[in-house]
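K.L.:
My questions all concern the structure below.
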Amino acid sequence: MSDPIILAVDTCFGACSAAVVAGERVLAHRAEAMERGHAEALAPMVETAMRDAGLSFAGLDRLAVTTGPGSFTGQRVGLAFMRGLRIALGKPLVGVTSLAAMAERARLESGSAVAAAVHDARRGEVYLEAVGITTIPAQVLSFEHAAILLRQIPDLVLTGTAAVRLAHEIGMTRIVEANAPDAVWVARLAMEVEPSVTPRPLYLRAPDAKLPAAR
């Protein structure tokens, strides 16, 4: 049986990426660093990736997207786009967390037993998720709590925007540099997940905007 062909995208953090992957083969890959403008960039990027792969959308077997955490606008851009594609194509859609995609890449590239993606969430907090022989589900923690938790894990590699600061804090130097997920790794994680419900955005913290109080 041939490997399923997956189109994956990510728009959660400071980048936008799209990839077409079949097993270990990367058929097409596009990525661009950006703090804003994901909504305008995503559709042309996907079209280019599909053209590079030499495929029509009908040739896809599965779709994949990061669900968060991430910027409020960014993570919704990717989800809305891929939900629309799921309906138009009638293809299953799988959601994976942005942190899991980053951590899995770091774990496999470094050969470490455990990888943790740690992203600066501001306010003295980090988004954190770990994969490998020790797992930590995606959550938001204070910087100090994250350091205490990670200090207890042997054979650990860090990745993400808070990796350097946390590595210094816990006295370790193993880092895989990455500031955002890559769609290639989103696709590879999606191969291991059976599609079930339509992915929803993962919010680890309430949005900053507040509704006005009732008078």
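The values are calculated or read from the model by the stated rules, or taken from the named source; none is laboratory data. Everything quoted here is computed from the prediction, not taken from an experiment. Methodologically, a virtual Cβ is constructed for each residue, glycine included, from the backbone with ideal geometry; neighbour enumeration extends over all protein chains shown.
K.L.:
Only one residue in Val176, Val186 is under 18 Å from Gly111 (Cα atoms), touching a helix residue (DSSP H, G or I) at 6+ places or on another chain (Cβ under 8 Å) and in contact (Cβ under 8 Å) with a residue 60 or more places away in the chain. Which one?
P.N.:
Answer to the selection: Val176.
K.L.:
Could you give me the residue pairs with C-beta distances under 8 Å whose first residue belongs to the range 122-144 and is more than 16 Å from Pro69 (Cβ to Cβ) and in a strand (DSSP E or B), whose second residue is of a type in the set (Ser, Thr, Tyr) and modelled with pLDDT of 95 or more wherever it lies, and which are 6+ apart or on separate chains?
P.N.:
Taking only residues 6 or more apart or on different chains, the pairs are Gly132/Ser112.
K.L.:
Look at Ala103 and say whether it is among the hydrophobic types (A, V, I, L, M, F, W, C), in contact with a His (Cβ under 6 Å, 6 or more places away or on another chain) and either touching a residue at least 40 places away in the same chain (Cβ under 8 Å) or not in a loop (DSSP other than H, G, I, E, B) (or both). Reasoning before the result, please.
P.N.:
Details: among the hydrophobic types (A, V, I, L, M, F, W, C): yes; in contact with a His (Cβ under 6 Å, 6 or more places away or on another chain): no; either touching a residue at least 40 places away in the same chain (Cβ under 8 Å) or not in a loop (DSSP other than H, G, I, E, B) (or both): yes.
For Ala103, the condition - among the hydrophobic types (A, V, I, L, M, F, W, C), in contact with a His (Cβ under 6 Å, 6 or more places away or on another chain) and either touching a residue at least 40 places away in the same chain (Cβ under 8 Å) or not in a loop (DSSP other than H, G, I, E, B) (or both) - is not met.
K.L.:
For Thr159, all conditions in the list (1) polar (S, T, N, Q); (2) in contact with a helix residue (DSSP H, G or I) (Cβ under 6 Å, 6 or more places away or on another chain); (3) surrounded by fewer than 19 Cβ atoms within 10 Å (Cβ to Cβ) hold save one; what is the number of the exception?
P.N.:
Condition (3) is where Thr159 drops out.
K.L.:
Of (1) assigned by TED's automatic domain parsing to the domain that holds Leu42; (2) of a type in the set (Val, Ile, Thr); (3) surrounded by fewer than 17 Cβ atoms within 10 Å (Cβ to Cβ); (4) modelled with pLDDT of 95 or more, Thr73 satisfies all except one. Which?
P.N.:
Status for Thr73: all satisfied but (4).
K.L.:
Is it the case, given these coordinates, that Gly78 is assigned to a loop (DSSP other than H, G, I, E, B), of a type in the set (Gly, Ala, Ser) and closer than 22 Å to Ser196 by Cβ?
P.N.:
Against the criterion (assigned to a loop (DSSP other than H, G, I, E, B), of a type in the set (Gly, Ala, Ser) and closer than 22 Å to Ser196 by Cβ), Gly78 does not qualify.
K.L.:
Considering the range 14-32 alone, what residues qualify as being on the phi < 0 side of the Ramachandran plot and at pLDDT below 95?
P.N.:
Within the range 14-32, Gly14, Glu24 meet the criteria.
K.L.:
Sticking with this structure for a sec: For the range 157-168, give me each residue that is within 16 Å of Tyr127 (Cα to Cα) and either in the same structural domain as Ala28 (by TED's automatic domain parsing) or not small (Gly, Ala, Ser) (or both).
P.N.:
Listed by number, the residues that qualify are Val157, Leu158, Thr159, Thr161, Val164, Arg165, Leu166.
K.L.:
Which members of the range 145-173 meet the condition of being in a loop (DSSP other than H, G, I, E, B), hydrophobic (A, V, I, L, M, F, W, C) and more than 20 Å from Thr97 (Cα to Cα)?
P.N.:
Ile153, Met172
K.L.:
Residue check: is Ala180 crowded, with 19+ Cβ neighbours inside 10 Å, among the aliphatic types (A, V, I, L, M), touching a Phe, Trp or Tyr at 6+ places or on another chain (Cβ under 8 Å) and closer than 30 Å to Val26 by Cβ?
P.N.:
Values: crowded, with 19+ Cβ neighbours inside 10 Å: yes; among the aliphatic types (A, V, I, L, M): yes; touching a Phe, Trp or Tyr at 6+ places or on another chain (Cβ under 8 Å): yes; closer than 30 Å to Val26 by Cβ: yes.
Against the criterion (crowded, with 19+ Cβ neighbours inside 10 Å, among the aliphatic types (A, V, I, L, M), touching a Phe, Trp or Tyr at 6+ places or on another chain (Cβ under 8 Å) and closer than 30 Å to Val26 by Cβ), Ala180 qualifies.
K.L.:
Could you check the range 88-100 and list, in sequence order, the residues that are in a helix (DSSP H, G or I) and under 12 Å from Ala138 (Cα atoms)?
P.N.:
If the condition is that a residue be in a helix (DSSP H, G or I) and under 12 Å from Ala138 (Cα atoms), then Ser98, Leu99, Ala100 are the ones that fit.
K.L.:
Residue by residue through the range 1-29, note down the ones that are surrounded by fewer than 24 Cβ atoms within 10 Å (Cβ to Cβ), among the aliphatic types (A, V, I, L, M) and more than 13 Å from the chain's Cα centre (by Cα).
P.N.:
Met1, Ile5, Ala22, Val26, Leu27, Ala28
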